[in-house]
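Peer 1: What follows is a single structure, and I will ask about it in a moment.
Throughout, read-outs are computed from the coordinates displayed, never taken from laboratory work. It should be emphasised that the depicted structure is a prediction, and the values quoted were computed from it without experimental measurement. Cβ: placed from backbone, ideal geometry, glycine included. Neighbour counts: every protein chain shown.
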Amino acid sequence: MQAQKGFSLIELMIVIAIIGILASVAVPQYQTYTIRAATGPELVGAVRPVQLALSEYAAIKLKLPATAADLVQWSTGEAANCLGLVQNVAYTATDATAGVITATTYSAAPTVTSCTDAGAGPSDEPTLQGKTLIINAASNANGAVKYTVDTASTIPAKFLPTIGG
């Protein structure tokens, strides 16, 4: 009897089927990963200045500001915050120990020329256009502030950045 040389057709078909199954799982995961890698830093980068301003304010005053106008080192509005896919970042006080940071993404082209010149605009991913990232800020009596991403954010959960604890 002669020894078998090579693979049979059925063995090759099984290997191709396994590779196909693995690819059908890997390709969507890779697409999600690349979108998150591209948008996550833009979302976090747009929110960091207000987080820093809130943390500095809380460290000095031992409470959060009553209005965004109290944060003299930070300003709101599209022209001040048009970075990447984020159109605007706003702060709203809830009380002396809590507040909400809201980052809104572009749904259409920027209306401010400086934003257009900076390359800001809507994401290529339709599920990230015109969405909001909501971050809750809570301070304690010592002036430490904790930030958490709110589940009421309209950005799909798979694209939410990790902020705070």
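Peer 1: Only one of (1) closer than 25 Å to Asn142 by Cβ; (2) of a type in the set (Ser, Thr, Tyr); (3) in a helix (DSSP H, G or I); (4) touching a residue at least 40 places away in the same chain (Cβ under 8 Å) fails for Tyr57. Which number is that?
Peer 2: (4)
Peer 1: Still on this model: Might you let me know whether the range 44-54 holds any residue that is in contact with a Phe, Trp or Tyr (Cβ under 9 Å, 6 or more places away or on another chain), in contact (Cβ under 8 Å) with a residue 24 or more places away in the chain and part of a loop (DSSP other than H, G, I, E, B)?
Peer 2: no
Peer 1: Please find, among Asp124, Asp117, Asp70, the residue that is over 30 Å from Gln31 (Cβ atoms) and either among the charged types (D, E, K, R) or without any contact (Cβ under 8 Å) to a residue 24 or more places away in the chain (or both).
Peer 2: Details: Asp124 fails: over 30 Å from Gln31 (Cβ atoms); Asp117 fails: over 30 Å from Gln31 (Cβ atoms).
So the residue among Asp124, Asp117, Asp70 that is over 30 Å from Gln31 (Cβ atoms) and either among the charged types (D, E, K, R) or without any contact (Cβ under 8 Å) to a residue 24 or more places away in the chain (or both) is Asp70.
Peer 1: Also, I was wondering about something else. Residues of the range 1-42 being in contact (Cβ under 8 Å) with a residue 60 or more places away in the chain and of a type in the set (S, T, N, Q), which ones?
Peer 2: Within the range 1-42, Thr32, Thr39 meet the criteria.
Peer 1: Please find, within the range 28-47, the residue that is nearest to the chain's Cα centre (by Cα) out of those that are of a type in the set (A, V, I, L, M, F, W, C) and surrounded by 10 or more Cβ atoms within 10 Å (Cβ to Cβ).
Peer 2: Looking at the filtered set, the residue picked out is Leu43.
Peer 1: When you look at Ile101, is it in contact (Cβ under 8 Å) with a residue 40 or more places away in the chain, over 23 Å from Phe159 (Cα atoms) and of a type in the set (Val, Ile, Thr), yes or no?
Peer 2: Working: in contact (Cβ under 8 Å) with a residue 40 or more places away in the chain: yes; over 23 Å from Phe159 (Cα atoms): no; of a type in the set (Val, Ile, Thr): yes.
Judged against the criteria, Ile101 is not a match.
Peer 1: Return the residues of the range 23-59 that are aromatic (Phe, Trp, Tyr) and either within 30 Å of Ala144 (Cα to Cα) or in contact with a strand residue (DSSP E or B) (Cβ under 8 Å, 6 or more places away or on another chain) (or both); say none if nothing qualifies.
Peer 2: Tyr57, the sole residue that qualifies.
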